[in-house]
Amino acid sequence: MSLQHPALLESSVSLPTPWLEPGLDLSYGANLGKPRVRHLSYTLLGKQKGRVRCPRVTRLALKFSRRHPRTTIEHLLELAGYTSIEEAERDFPPGVAAICHPNPAAHPLEVLSADPKEVLRQAFLLGRCTATFYSPTRPLLWTRASLTRHLELFEPEGFYA
């Protein structure tokens with residue numbers, strides 16, 4: 001007794017693959033008289049023509065030892081001569097949106113001995129990060145959780161587009 005109906009044989013295809021039983025027909029559900037064409041409109045390599053952009057990765061990790069993170073950053077702002085957070089933000093532009101990935105193995109920057117400008121740059125970036133996303137338009141939130149994250153930021157344009 002055959003389980004194949006003659007009308008189904010028209011849209012069946014025999015595939016010569018070693019993992020299928022010999023003579024097994026598979027229907028892919030399309031009418032063979034009407035081939036379908038789909039043009040690719042996306043690429044993994046981005047929209048730039050003529051070159052491949054590798055992803056830009058930014059690693060962020062600050063080590064505050066036993067100090068309170070927000071108080072330490074505010075103290076660094078005062079030492080750097082800033083009178084407000086808004087004034088300091090002008091020197092640390094927010095950049096572009098990025099995908100965040102936790103990186104517990106990241107070597108953290110020692111806040112007390114590192115260059116204050118680099119510490120502040122990382123603090124402004126970390127303050128706009130969630131655990132999975134960095135948004136330059138997100139409000140700046142300096143909490144213990146946000147300032148002590150160890151993250152890698154990947155720009156979604158380029159390789160990940």
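The values are calculated or read from the model by the stated rules, or taken from the named source; none is laboratory data. All of these numbers come straight from a predicted model, not from anything done at the bench. Cβ coordinates were reconstructed from backbone atoms using ideal geometry, including for glycine residues, and neighbour counts include every protein chain displayed.
Among 78, 89, which is the only one that is surrounded by 12 or more Cβ atoms within 10 Å (Cβ to Cβ), within 30 Å of residue 144 (Cα to Cα), modelled with pLDDT of 90 or more and out of contact with any Pro (no Cβ under 6 Å at 6 or more places or on another chain)?
Working: 78 fails: surrounded by 12 or more Cβ atoms within 10 Å (Cβ to Cβ).
The unique qualifying residue is 89.
Return yes or no: is residue 21 of a type in the set (Asp, Glu), at pLDDT 90 or above and more than 26 Å from the chain's Cα centre (by Cα)?
no
Working only within segment 72-103, note down all residues that are in contact with a strand residue (DSSP E or B) (Cβ under 8 Å, 6 or more places away or on another chain) and among the hydrophobic types (A, V, I, L, M, F, W, C).
Passing the criteria: 97, 98, 99, 100.
Does segment 64-104 hold any residues that are of a type in the set (Gly, Ala, Ser) and out of contact with any Cys (no Cβ under 9 Å at 6 or more places or on another chain), and which are they? Walk me through it before giving the result.
Our first condition is that a residue be of a type in the set (Gly, Ala, Ser); within segment 64-104, this holds for 65, 80-81, 84, 88, 95, 97-98.
Across segment 64-104, the qualifying residues are 65, 80, 81, 84, 88, 95, 97.
For segment 92-104, indicate whether the set of residues that are aromatic (Phe, Trp, Tyr), at pLDDT below 95, surrounded by 14 or more Cβ atoms within 10 Å (Cβ to Cβ) and touching a Phe, Trp or Tyr at 6+ places or on another chain (Cβ under 7 Å) is non-empty.
yes
Only one of these is in a helix (DSSP H, G or I), out of contact with any strand residue (DSSP E or B) (no Cβ under 8 Å at 6 or more places or on another chain) and not hydroxyl-bearing (Ser, Thr, Tyr): 120, 141, 125. Name it.
Details: 141 fails: in a helix (DSSP H, G or I); 125 fails: out of contact with any strand residue (DSSP E or B) (no Cβ under 8 Å at 6 or more places or on another chain).
Matching residue, one of 120, 141, 125: 120.
Against the condition surrounded by 14 or more Cβ atoms within 10 Å (Cβ to Cβ), under 22 Å from the mean Cα position of the chain (by Cα) and free of Cβ contacts under 8 Å to residues at least 60 places away in the same chain, how does residue 131 come out, does it pass?
Taking the combined requirement at face value, the residue does not satisfy it.
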